[in-house]
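The values are calculated or read from the model by the stated rules, or taken from the named source; none is laboratory data. Since the structure is predicted, the reported quantities are computational estimates derived from the model, not experimental observations. Cβ atoms come from the backbone with ideal geometry, glycine included; neighbour counts cover every protein chain shown.
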Number of protein chains: 2
Amino acid sequence: MNLFWERGYAGASMKQIEQALDMRPGSIYATFGSKDGLFSEALAAYAQRSGLELREHLAGNSSILDGLQEHLRCIARQASPGGESPSRACMVVKTLLEASNTNAAIANQANSILNAIEQALTDLLEQAKLQGELAPGTHCARLARLLQAQIIGLRSFAQREIRSEQVAELAEDMAAMLDHYRARH
Amino acid sequence: MNLFWERGYAGASMKQIEQALDMRPGSIYATFGSKDGLFSEALAAYAQRSGLELREHLAGNSSILDGLQEHLRCIARQASPGGESPSRACMVVKTLLEASNTNAAIANQANSILNAIEQALTDLLEQAKLQGELAPGTHCARLARLLQAQIIGLRSFAQREIRSEQVAELAEDMAAMLDHYRARH
DNA sequence: ACTGTTTTTGAGCGATCACTCAAGTTATCA
DNA sequence: TGATAACTTGAGTGATCGCTCAAAAACAGT
């Protein structure tokens, strides 16, 4: 997963994969079927891990919106230069951009994952609205897409050679934007 | 340029390039030196074209902020499904994500282009502040980075299989966010 | 210890990769 | 028209791509 995340689908050769897994080609193909199959499992594992992280950030805050803002800040911390992450950008987005016009199966998988995330965010925001955190008129599905686009932008932006402090500021500005959707008390 | 934009650096083979250029390998290498060199020129051409588009949108509006908002909407229109663009996502971002851990020279070029765009946006926002469009306390460089991240997010988001109307809504929400930074009269 | 099954190994497959260069063609002079 | 220069051609280079499979090794049951 780390190798694919770092180098992308085409950028990771079977030789490198053999080394990363400490497996010989025969075993790899007996286990995963193909490079596509292996990548697919890696991407699924990545998505699962990401989902877990989001749920952890939410569990740490009683307020959903606070949890989402914390999530933004945490992404900024992880995506800052000098971190040990294989890549600062999101593996799903990297995959979507790489595979969209070259590998339909993989592009579909990335699409599905992003759909699931969008849905999860929508559900969360609906719940926040019910709890009175969000302004009553909020269009939750639309805000979920905005939030997803922000996260995609934040993490892709962080792939630039840039100071980590500026990534943190960016996350802060995005978190501040969420405040505008809060219910007025 | 269109081929590289659509399929990425690794995804475009020399055979496909030969066909796209209607040139044989010898001529290609005599003209561009290497696949890297050719890609570099394609990326530079893309960046120039993008810069021109931004300037056109700005020229169409007397207000800088209005021009930027128009630019966001226009990006959404271009990045909508069904368009004739080779790819909905930005070629510079695609390149940054693909090349960051595999091709230092190309990644540097993408970085430079994004630096230049960030600087151009900063200059524009500074000018808008001077003209009283932006709130006096606005941190223009920081807002420029936010704007750039939004655009990156918008165009990458648009690479998903999604209805064009939702892309337009997303651009609208991002434009609305810019309004919060306007000077109060 | 012996047999049958499962798993691992790594040399090597055909295909394709980016790229080269001698030979051929075209353009530009007098 | 003929000599020179500039450019184009495409078969072919070695390297690497994803992948296969017969043989070897490890494991499991009696």
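Here is the figure for region B:94-111: residues that are at the interface with chain A (Cβ under 8 Å from one of its Cβ atoms) and farther than 12 Å from A:Arg160 by Cβ total 4.
Restricted to region B:25-49, and to residues there that are in contact (Cβ under 8 Å) with a residue 60 or more places away in the chain and not aromatic (Phe, Trp, Tyr), the residue that is farthest from DNA strand D (Cβ to nearest atom) is B:Ala47. On inspection, A:Leu3 does not qualify as within 14 Å of DNA strand C (Cβ to nearest atom) and either at pLDDT 95 or above or under 24 Å from B:Glu98 (Cβ atoms) (or both). Residue count for region B:144-170 satisfying the condition of being more than 7 Å from every other protein chain (Cβ to nearest Cβ) and in a helix (DSSP H, G or I): 8.
Quick check on my filter: what residues within region A:150-178 are free of Cβ contacts under 8 Å to residues at least 12 places away in the same chain and farther than 24 Å from A:Glu84 by Cα? A:Asp173, A:Ala176, listed by residue number.
The lone criterion from (1) within 16 Å of DNA strand D (Cβ to nearest atom); (2) among the polar types (S, T, N, Q); (3) in contact (Cβ under 8 Å) with a residue 40 or more places away in the chain left unmet by A:Ser87 is number (1). Within region B:11-23, the only residue that satisfies the criterion of being within 13 Å of DNA strand D (Cβ to nearest atom), within 14 Å of chain A (Cβ to nearest Cβ) and surrounded by 18 or more Cβ atoms within 10 Å (Cβ to Cβ) is B:Gly11.
For region B:79-105, a residue qualifies if it is at pLDDT 95 or above and more than 16 Å from the chain's Cα centre (by Cα), and the qualifying residues are B:Ala99, B:Ser100, B:Asn101, B:Thr102, B:Asn103, B:Ala104, B:Ala105.
Can we say A:Ile64 is in contact with a strand residue (DSSP E or B) (Cβ under 9 Å, 6 or more places away or on another chain) and closer than 23 Å to A:Met177 by Cβ? Judged against the criteria, A:Ile64 is a match. Taking region B:24-93 and the helices (runs of 4 or more DSSP H) fully enclosed by it, no element has 1 or more residues that are of a type in the set (Asp, Glu) and within 14 Å of another protein chain (Cβ to nearest Cβ).
Return yes or no: is B:Ala128 assigned to a helix (DSSP H, G or I), among the aliphatic types (A, V, I, L, M) and in contact with a strand residue (DSSP E or B) (Cβ under 9 Å, 6 or more places away or on another chain)?
yes
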